[in-house]
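To start, the structure itself, in structure tokens.
The values are calculated or read from the model by the stated rules, or taken from the named source; none is laboratory data. Quick caveat, the model's predicted, so the values are computed rather than measured. Positions of Cβ are backbone-derived with ideal geometry, glycine not excepted, and every protein chain shown enters the neighbour counts.
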2 protein chains.
Amino acid sequence: MKPIMEVAGLIGVEEEELELYGRYKAKISPSLWNRVKANGDGKLVLVTAMSPTPAGEGKTLTTIGLAQALNAIGHRTVAALREPSLGPCFGMKGGATGSGKAQIVPAEDINLHFTGDLHAITSAHNLLAAIIDNHIFQGNALQLNPQRIVWKRAMDMNDRSLRSIVTGLGDGNGVVREGGFLITTASEVMAVLCLSEGFGDLKERLGRIIIGYNQKGEAVTASKLGAVEAMTILLKDAIKPNLVQTLEGTPVIVHGGPFANIAHGCSSVIGTRLALKLGEIVVTEAGFGADLGAEKFMDIKCRQADLNPAAAVLVVTVKALKYNGGAAKDKLHEPGMQELADGLANMNRHVENLKKFGVPVMVAVNHFADDRPEEVERVLAECGALHVPAAVSKVWAQGSAGGRELAEALVKLLGEEDSGYRPLYDLETDIRSKIETIVREIYRGAEVSYSPSALRSLADIERLGYGNLPVCMAKTQYSFSDQPRLLGAPEGFTVQVREISLSAGAGFAVVQTGSIMTMPGLPQSPAAEHMSIDEDGRISGLF
Amino acid sequence: MKPIMEVAGLIGVEEEELELYGRYKAKISPSLWNRVKANGDGKLVLVTAMSPTPAGEGKTLTTIGLAQALNAIGHRTVAALREPSLGPCFGMKGGATGSGKAQIVPAEDINLHFTGDLHAITSAHNLLAAIIDNHIFQGNALQLNPQRIVWKRAMDMNDRSLRSIVTGLGDGNGVVREGGFLITTASEVMAVLCLSEGFGDLKERLGRIIIGYNQKGEAVTASKLGAVEAMTILLKDAIKPNLVQTLEGTPVIVHGGPFANIAHGCSSVIGTRLALKLGEIVVTEAGFGADLGAEKFMDIKCRQADLNPAAAVLVVTVKALKYNGGAAKDKLHEPGMQELADGLANMNRHVENLKKFGVPVMVAVNHFADDRPEEVERVLAECGALHVPAAVSKVWAQGSAGGRELAEALVKLLGEEDSGYRPLYDLETDIRSKIETIVREIYRGAEVSYSPSALRSLADIERLGYGNLPVCMAKTQYSFSDQPRLLGAPEGFTVQVREISLSAGAGFAVVQTGSIMTMPGLPQSPAAEHMSIDEDGRISGLF
């Protein structure tokens, strides 16, 4: 690893614009933004993926490898990534910092406490929760209805026992009510931080958070509880983007990591904007497959932050295509040209969808050592037939050298095709129309059915004046539909909307299809049991 | 503020031995310890206080001011302090970083997230909790009794609603059982970290933590759950001491902050040991009054870590003495020579008690602007009659200049009197004898009565082989007795022991007298509501 000062120097960041966290991590001081904000923007490239499968597609890996390769061929590139959550590290093995020769480092620190952003978000979230219960306990001047407090508590841990709890038991210990914990990445404070443009905007958004309803049924916001300034104080450093590097010393801004189902799944607006001032090209990613991640990136993040994505790279793998073509999970390494051919429908649809946002699209085939040449050729041939640029990426095995072809194809695409980025839907239509546009245009479902509760929420949201918000779809990532087993490119299905809720601070209406887990559990044999650390602090088994 | 590198230079710490957290905070790398461990030790001075009162005695203030003054008169001095907890900042106004001209800085950062130690402790604590509930959910191979899990969860927040909760409600969400949250400073992980000598010792202590009992009634430890390595990984940076400075640039090691009732209330052993290698004099403090803080410092921390305290400074104030002599809380600024004279009994007993540990003792009269000269003279005259050195401290108003007299008196004492430090009791006696020795010798109670449950616990602890642990008394800090309103120097009372529990990882038996709050609540008008932060990140109202 290079000292982070040196990495910062590559993109013109000066020593006094960094706040060091050890030798290899830094927060970027707001003074940098003030110095560079009048500069022109680099080109923003989204790395997204086909529908996720158990085999893993390597979206983060490809993002990191692509940034390394672009730098290697002479284009000053910054990657803008999400911050990993600590909790899941102790459940299933695997970090969120890439792998092989395309990693961000120091990977252990980034996967653990990093610069404390998630802890700060947890604290701000739980301060609001404590203030709410204290308000009720101390006389409840706002007449909050304890049965309709929607603000839960948060913890960055996989702990299923905290999903549904009863708090306030015992004499003098507050008011008995039902509650629960979210994992911190699912906190609206995380989504708010990621969409904020600065301190002022952060405060306004925190103030707009709906914490529950009063006895008259009116929504009560965080601003009414007097919690906003203190929450902002807790977030004063978390709002500053973090700078780290890839294994090849490419600068990477890692900042914010909201859930990709009940939230928008993109790294921070502040981080992306800053990266665009520092890099000729900025490579970023969004959660899950393109039906969720790219749609939210385009319709929520880019629209709100006035970002203009220059291109989208769709990551596919031979294994994931075969899986989507019907191959069994444990047979993905076996020959299966028919399954591969059938699975290409999934890729094709994601490509078609991305084009609906007006951005140039290309495909990155993330190469595995046991992929067969004829399988890779088949994918490239399909792309050729679709007139979509494609390249094989071997960044896992070779780092930037393995991403050269991909980087060159991307640069060519950026040079040849201008982006005509546009969101999929207008904000001025009602929430229901927005949902139905996404289902029709992106998922390709035949219709949408709403639970009675969702219909009531729809009416409430329009009545409360939030009808002009974008929608944030919470749907299984495994299928275009809301049914995880409908692989490939299904059509004609009905999407069931179970519930619609407001994230008024983040600025979107969350549309829940199916049951969405906001607090994961640990598996039978948690990864935590297989880790170790020696006397010198060397860790093994973390990922 | 000086750059922390410069402060480190004053005590011979080199640049590569620091891990910077911004410009003004740093963690100290283990390489420094390896370099200096063979050096001789400085002199360790404990700053403790008379019985606490609502007026505030200024123990932390005096510790900081004394360190500044010792440096000013040419003695290289390092202060070793406890880390503040974040949660209480949002309840009652007031930080834990001193005040006036005797503060440690950057005070806001130290009172908020600092270098993340408390967050790391929270995470390690809650990982163990999640693993316990997951173990039960996944088949309960260890046959844990869900009704006898003693390991709670932790949060660094004042949130009374979390004191007593029911977790695991709902299908698939674990096993329904009673639980609750402690504030992080009350976590045994905090006590363990503060008493650990290094990674190996940390792991052993974490492994010895008793998390509950199995169906046969046997104690089950964290080591049985396979949680220890992962917890240690979470603590890998928290175990490194933090370096900051006073307003006058005096180096201060701030590390660890365990509760002073159910835990031992002292900063970390690792931090103190390191400070002793770097300073000619090390000034440290312990929680609450000398009956609790100093007793635990001497009997738990110094004994276990083989530290040899050279002197104790007892902080008193005119107001606190009057309060202990019967003056009303709102009349402490009025003349009251009789109340003052009566209250001196409290000071005298603390002095007598401290001498029982074999250490030279002096009194610091922490001066308030509205103290009358005759009141201050009366206190000094009393000390003269007792043949106890005493000095007036004006460090709040004047910084080191106001501590010169105190510093000179301390240096004189250190030069004239050798310490014959000895703990109050032998470890080899049983738990009951240890309790009774403390009650007789320090509290001056007539007898101890035990609840039936405490008697059962006593028998269990001896049977399980933990009878040789020191005891950690959890008692009101306001009185020598277990009755908060018995001020001054009461005698003849009976101490009621309600419960005795094992902190087997920290290495002590916790003796609860009265009800001890391990999760505070927020007041009617929380400090959080009166804070603000502007567009440039400037905070007001935090303390």
Exercise. For the subset of region A:435-472 comprising residues that are aromatic (Phe, Trp, Tyr) and not in a strand (DSSP E or B), which member is modelled with the lowest pLDDT?
Worked result: A:Tyr466
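Rundown of residues vs (1) part of a helix (DSSP H, G or I); (2) within 26 Å of A:Ser99 (Cβ to Cβ), yes/no style:
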residue: A:Asp342; (1), (2): yes, no
residue: A:Gly358; (1), (2): no, no
residue: A:Val392; (1), (2): no, yes
residue: A:Ala407; (1), (2): yes, yes
For this session: State which residue pairs qualify: first residue more than 21 Å from B:Glu83 (Cβ to Cβ) and within 12 Å of chain A (Cβ to nearest Cβ) and inside region B:1-30, second residue among the polar types (S, T, N, Q) and surrounded by fewer than 22 Cβ atoms within 10 Å (Cβ to Cβ) in any location, beta carbons under 9 Å apart, and separation of 6 or more residues or different chains.
Result: B:Glu16/B:Ser29; B:Glu16/B:Ser31
Exercise. If you scan region A:473-512, which residues turn out to be part of a loop (DSSP other than H, G, I, E, B), in contact (Cβ under 8 Å) with a residue 40 or more places away in the chain and farther than 30 Å from A:His125 by Cβ?
Worked result: A:Ser479, A:Phe480, A:Leu487, A:Gly488, A:Ala489, A:Pro490, A:Glu491, A:Gly492, A:Phe493
Exercise. Residue check: is A:Leu424 under 20 Å from A:Ala311 (Cβ atoms), assigned to a helix (DSSP H, G or I), under 23 Å from the mean Cα position of the chain (by Cα) and not aromatic (Phe, Trp, Tyr)?
Worked result: no
Exercise. Just one of the numbered conditions (1) touching a Ser or Thr at 6+ places or on another chain (Cβ under 6 Å); (2) within 8 Å of chain A (Cβ to nearest Cβ); (3) closer than 30 Å to B:Leu274 by Cβ is not true of B:Ala186; which one?
Worked result: (2)
For this session: From (1) within 14 Å of chain B (Cβ to nearest Cβ); (2) surrounded by fewer than 18 Cβ atoms within 10 Å (Cβ to Cβ); (3) farther than 24 Å from B:Thr518 by Cα, pick out the condition that doesn't hold for A:Gly172.
Result: (3)
Exercise. What about B:Glu188, is it surrounded by fewer than 24 Cβ atoms within 10 Å (Cβ to Cβ) and not hydrophobic (A, V, I, L, M, F, W, C)?
Worked result: no
For this session: Return yes when B:Val376 is at pLDDT 95 or above, surrounded by fewer than 24 Cβ atoms within 10 Å (Cβ to Cβ) and not in a helix (DSSP H, G or I) and no when it is not.
Result: no
Exercise. All but one of (1) over 21 Å from the mean Cα position of the chain (by Cα); (2) closer than 17 Å to A:Val166 by Cβ; (3) buried (at least 20 other Cβ atoms within 10 Å of the Cβ) hold for B:Gln147; which doesn't?
Worked result: (3)
Problem set entry | Residue count for region A:146-165, restricted to those that are out of contact with any Ser or Thr (no Cβ under 8 Å at 6 or more places or on another chain) and under 15 Å from B:Ile131 (Cβ atoms) | 3
Exercise. Is one or more of the residues making up region A:367-388 under 24 Å from the mean Cα position of the chain (by Cα) and of a type in the set (Val, Ile, Thr)?
Worked result: no
For this session: Just name the residue that is farthest from the other protein chains (Cβ to nearest Cβ) out of those in region B:198-235 that are among the charged types (D, E, K, R), surrounded by 20 or more Cβ atoms within 10 Å (Cβ to Cβ) and over 16 Å from A:Pro526 (Cβ atoms).
Result: B:Arg208
Problem set entry | Residue count, region B:136-154 (criterion: touching a residue at least 12 places away in the same chain (Cβ under 8 Å), at the interface with another protein chain (Cβ under 10 Å from one of its Cβ atoms) and out of contact with any helix residue (DSSP H, G or I) (no Cβ under 6 Å at 6 or more places or on another chain)) | 2
For this session: Look through A:Asp133, A:Asp117, A:Asp109 and report the one residue that is out of contact with any helix residue (DSSP H, G or I) (no Cβ under 9 Å at 6 or more places or on another chain), within 13 Å of another protein chain (Cβ to nearest Cβ) and touching a residue at least 40 places away in the same chain (Cβ under 8 Å).
Result: A:Asp109
For this session: Provide a single number: the residues in region B:145-188 that are farther than 17 Å from B:Asn261 by Cβ and touching a His at 6+ places or on another chain (Cβ under 6 Å).
Result: 0
Exercise. In region A:314-331, which residues are over 19 Å from the mean Cα position of the chain (by Cα) and either touching a residue at least 60 places away in the same chain (Cβ under 8 Å) or farther than 22 Å from A:Pro484 by Cα (or both)?
Worked result: A:Thr317, A:Val318, A:Lys319, A:Ala320, A:Leu321, A:Tyr323, A:Asn324, A:Gly325, A:Gly326, A:Lys329
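With A:Leu522, A:Leu464, A:Leu455 as the choices, which residue is outside the structural domain of A:Thr53 (by TED's automatic domain parsing) and surrounded by 16 or more Cβ atoms within 10 Å (Cβ to Cβ)? Steps first, please.
Working: A:Leu464 fails: surrounded by 16 or more Cβ atoms within 10 Å (Cβ to Cβ); A:Leu455 fails: surrounded by 16 or more Cβ atoms within 10 Å (Cβ to Cβ).
Unique residue meeting the criteria: A:Leu522.
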Exercise. Can you name the residue in region B:513-540 that is within 7 Å of chain A (Cβ to nearest Cβ), over 23 Å from B:Ser187 (Cβ atoms) and part of a loop (DSSP other than H, G, I, E, B) and, of all such residues, is farthest from the chain's Cα centre (by Cα)?
Worked result: B:Glu535
Seminar exercise, completed: Only one of B:Gly249, B:Gly265, B:Gly271 is more than 14 Å from chain A (Cβ to nearest Cβ) and surrounded by fewer than 24 Cβ atoms within 10 Å (Cβ to Cβ), namely B:Gly249
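For (1) among the hydroxyl-bearing types (Ser, Thr, Tyr); (2) within 14 Å of chain A (Cβ to nearest Cβ); (3) crowded, with 19+ Cβ neighbours inside 10 Å; (4) over 25 Å from B:Ala154 (Cα atoms), each residue gets a yes or a no:
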{"position": "B:Ile73", "(1), (2), (3), (4)": "no, no, no, yes"}
{"position": "B:Arg76", "(1), (2), (3), (4)": "no, no, no, yes"}
{"position": "B:Met92", "(1), (2), (3), (4)": "no, yes, no, no"}
{"position": "B:Ala96", "(1), (2), (3), (4)": "no, no, yes, no"}
{"position": "B:Gly100", "(1), (2), (3), (4)": "no, no, no, yes"}
